[in-house]
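Okay, so here's the structure we're looking at.
The values are calculated or read from the model by the stated rules, or taken from the named source; none is laboratory data. None of the values given here were measured: they were computed from a predicted structure. When we count neighbours, we look across all protein chains shown, and the Cβ atoms used for this are built from the backbone with ideal geometry, even at glycine.
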């Protein structure tokens, strides 16, 4: 196994630990709390989870589909820079409109099923990295709707920062829930 693959697998393992800590917090909520929307046009915690799962499963589906057509294109410096810009944007306390492909969410998603799907997607990514041909290590494997083409390092950075971005969103929802609970 190449050093690059070993690095990505170690990074994914660390990301999975962060995900599991996040999911332990989610398991503390009841159904009403999971589906509480702080505003009419805002997402509930369950919908945020749905969005995150759609983003990661969509990434894996895209990679598998595109690779079925042949080798991926080269990853350029511009691709890497755009990936870093997306990571920076997600780290800021700003709101962004989600791309349409991951923004049309059901009102009451099944959180338990989503969590299972999320864990399966992470396992798929681990297997993909382990079995990925070395010549793909510097290829553009995914095309993000906003930042464009990404290599494996950029994909992992996106997943990591995307989760952190939405954890901050969930903390804001938690604050609204706490404020409502303190009034009753």
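Here are the numbers:
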quantity	calculated
Residue 104 being out of contact with any helix residue (DSSP H, G or I) (no Cβ under 6 Å at 6 or more places or on another chain), surrounded by 13 or more Cβ atoms within 10 Å (Cβ to Cβ) and without any contact (Cβ under 8 Å) to a residue 24 or more places away in the chain	no
For residue 82: the one exception among (1) farther than 23 Å from residue 143 by Cβ; (2) in a helix (DSSP H, G or I); (3) modelled with pLDDT under 95	(1)
Residues of segment 26-50 satisfying the condition of being exposed (fewer than 12 other Cβ atoms within 10 Å of the Cβ) and within 20 Å of the chain's Cα centre (by Cα)	27
Selection within segment 123-137 - surrounded by 14 or more Cβ atoms within 10 Å (Cβ to Cβ) and within 21 Å of the chain's Cα centre (by Cα)	124, 125, 126, 128, 129, 132, 137
Pick from segment 147-184, criterion in a loop (DSSP other than H, G, I, E, B) and surrounded by 14 or more Cβ atoms within 10 Å (Cβ to Cβ), ranking: modelled with the lowest pLDDT	147
Odd one out for residue 41, checked against (1) closer than 25 Å to residue 181 by Cβ; (2) in contact (Cβ under 8 Å) with a residue 60 or more places away in the chain	(2)
